[in-house]
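Okay, structure first, notes after.
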Amino acid sequence: MPDAAANTLPHAAGPASDWVQRWTHLLPAGATVLDVACGHGRHMKWFAQNGHHVTGLDQSVAAIEAAGAFGQAVLADIEHNSWPLIENGQIRQFDAIVVTNYLWRPLFPVILQSLASGSVLIYETFAQGNETVGKPSSPDFLLQPGELLRAFKELHVIAFEDGFLENPPRFVQRMAAVRVDPETAPSQVARRHVLGFEQSR
């Protein structure tokens with residue numbers, strides 16, 4: 001994916017995304033977290049520091065070697081090979097999944113299957129319009145308007161944004177959502193999912 005690799009926000013050293021930090025409070029204590037395309041582990045580090053048990057996936061040997069300092073780091077080409085996280089013949093499920101600066105649409109169903117009941121999805125990546133300011137610019141790596149809402153329509157959406165950020169200039173789409181068990185849907189939806197910006201008041 002040469003176009004995607006040229007973006008200005010590599011999965012390397014640096015603080016966790018503001019969006020990820022804002023919605024981390026949705027996770028239960030000691031949650032199991034999957035970081036898809038984890039890079040060098042900046043979000044694995046963030047979640048580990050917050051007391052969670054983290055697994056990361058990436059196809060880069062160097063990235064996995066670095067990310068291994070923060071949790072279980074799995075070397076896998078998830079775009080061309082089978083999904084590596086299987087337990088007893090079933091897709092392994094997590095309490096939370098985070099995806100940042102990465103888009104591979106065939107993985108959407110796998111991500112859904114990897115979400116346990118009551119689990120959290122935090123997704124943030126580049127969106128249509130980014131081709132006017134830089135890389136990535138290929139439609140293959142840019143979310144269409146509202147695409148995350150359509151792709152994960154089974155989830156209860158806590159927050160969604162689709163717009164422009166200035167530093168660095170980029171178009172992004174991002175979502176925080178919870179998987180609701182249909183059998184307990186009324187009680188789960190009624191839970192008070194505190195909006196992150198209110199916590200600091």
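Here are the numbers:
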| read-out | value |
| --- | --- |
| Whichever residue in the range 100-124 is in contact with a helix residue (DSSP H, G or I) (Cβ under 7 Å, 6 or more places away or on another chain) and of a type in the set (Val, Ile, Thr) and, among such residues, is nearest to His40 (Cα to Cα) | Thr100 |
| Subset of the range 145-165 [under 17 Å from the mean Cα position of the chain (by Cα) and in a loop (DSSP other than H, G, I, E, B)] | Gly146, Phe152, Lys153, Glu154, Leu155 |
| Residue list for the range 166-190, filter: modelled with pLDDT of 95 or more and under 18 Å from the mean Cα position of the chain (by Cα) | Arg170, Phe171, Val172, Gln173, Arg174, Met175, Ala176, Ala177, Val178, Arg179 |
| Any hit, the range 22-30, residues being modelled with pLDDT of 95 or more, touching a His at 6+ places or on another chain (Cβ under 8 Å) and within 16 Å of Pro168 (Cβ to Cβ) | no |
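The values are calculated or read from the model by the stated rules, or taken from the named source; none is laboratory data. This structure is a prediction, so every number in the text was calculated from the model and none was measured. Glycine also receives a Cβ, built like all others from the backbone with ideal geometry; neighbour counts cover every protein chain displayed.
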